[in-house]
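> One structure, as C-alpha cells, below. Some questions next.
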Amino acid sequence: MKFQQGNKHGQGRKKGSKNQTPTKVREAFLMLVENNLDRLQSDLESLDPKDRIKAITELAKFNVPTLKQVDFEGESMDLFKPVTICL
C-alpha cells in the first residue's frame, strides 16, 4: 500500500529518535559481560595466545566501531613499510 497524504496512523518514529530494540540488546549484553568478568578473564587466560587475540578481537566488535577501509592513491607509497606479526 502506498503512502497517502494525510495519513495519521503510519507516520513512524520521529526524526532523530533512537531504535529501542538495539539499545535494550546492548544493555543486556553489557550486563551479561559485567556479571561474568572474572569468568571471562579466566576463560581468556586458558586460551592459546593466538586464540586469545582472536576472541578479544571478536568481542571488541560489540564495543568498538569498525572502521571503513580507505584506499590510498598517491605518490609516496615508498613511505609505508610492511609490518609482520608472527603468532
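> In whole Hz, with x marking every Gly and Pro, tabulate ³J(HN,Hα) for segment 28-42 from phi via Karplus 6.51 cos²θ - 1.76 cosθ + 1.60, θ = phi - 60°.
Karplus-based 3J(HN,Hα) across segment 28-42 equals 5, 5, 4, 5, 4, 5, 4, 6, 10, 4, 4, 5, 4, 4, 5 Hz.
> Among the listed pairs 24/61; 15/54; 18/54, which have their C-alpha atoms separated by more than 29 angstrom in this model? All intermediate terms of the calculation are to be shown ahead of the outcome.
Numbers: 24/61 17 Å; 15/54 38 Å; 18/54 31 Å.
Flagged as over cut-off: 15/54; 18/54.
> Working from Cα positions, state the angle (0 to 90°, nearest 10) between the long axis of helix 49-60 and the longest principal axis of the chain.
The helix 49-60 is inclined about 20 degrees to the chain.
> Still on this structure: So which residue, out of 50, 15, 61, gets the largest mean-square fluctuation from a GNM of the chain using Cα contacts under 10 Å as springs?
Evaluated over the chain, the most mobile residue of the options is 15.
> Please give the calculated 222 nm ellipticity per residue for the chain, where each DSSP H segment of at least 4 residues contributes -39500 (n - 2.57) and the sum is spread over every residue; nearest 500 deg cm²/dmol? Spell out each step's value before the answer.
Values: 3 runs with 37 residues, N = 87.
That comes out to -13500 deg cm²/dmol.
> Determine, from the Cβ-Cβ distance of residue 44 and residue 86 and an R0 of 25 Å, the FRET efficiency 1/(1 + (r/R0)^6), rounded to the nearest 0.05.
Numbers: r = 21 Å, r/R0 = 0.83.
The formula returns an efficiency of 0.75 here.
> Still on this structure: How far, in nm, would the chain grow between residue 23 and residue 69 when pulled straight, counting 0.36 nm per residue and subtracting the alpha carbon separation?
Numbers: separation 46, 0.36 × 46 = 16.56 nm, distance 2.65 nm.
The span from residue 23 to residue 69 would gain 13.9 nm if fully extended.
> On to the next question. What is the fewest-to-most order of 26, 52, 39 by other Cβ atoms lying within 10 Å of their Cβ? Mind dumping the intermediate values first?
Details: 26 12, 52 15, 39 9.
Lowest count first: 39, 26, 52.
> I need the shape label for segment 20-63. Rule: rounded when a/c is under 1.5, else prolate if a/b > b/c, else oblate, with a, b, c from the alpha carbon gyration tensor. Kindly include the intermediate steps, with their values, before the conclusion.
Numbers: a/c = 5.23, a/b = 1.81, b/c = 2.89.
It is oblate, given that a/c is not under 1.5 and a/b is not larger than b/c.
> Cβ under 14 Å from residue 47's Cβ, residue 47 left aside: what net charge do those residues give with Lys, Arg +1 and Asp, Glu -1? List each step's numbers first, then the result.
Working: positive: 39, 50, 52, 54; negative: 43, 45, 48, 51, 58.
Result for the local shell: -1.
> Using the Karplus curve 6.51 cos²θ - 1.76 cosθ + 1.60 with θ = phi - 60°, what ³J(HN,Hα) values do you get for each residue of segment 13-22, in whole Hz, with x for Gly and Pro?
Whole-Hz 3J(HN,Hα) from phi for segment 13-22: 6, 6, 4, x, 6, 8, 6, 6, 4, x.
> Suppose we take every Cα in the chain and form the convex hull; what volume per residue is that in Å³?
Values: hull volume 20.4 nm³, N = 87.
That works out to 235 Å³ per residue.
Coordinate-derived values only; no laboratory data. Predicted, not measured: the structure shown is a model, and the values here were computed from it. Cβ coordinates were reconstructed from backbone atoms using ideal geometry, including for glycine residues, and neighbour counts include every protein chain displayed.
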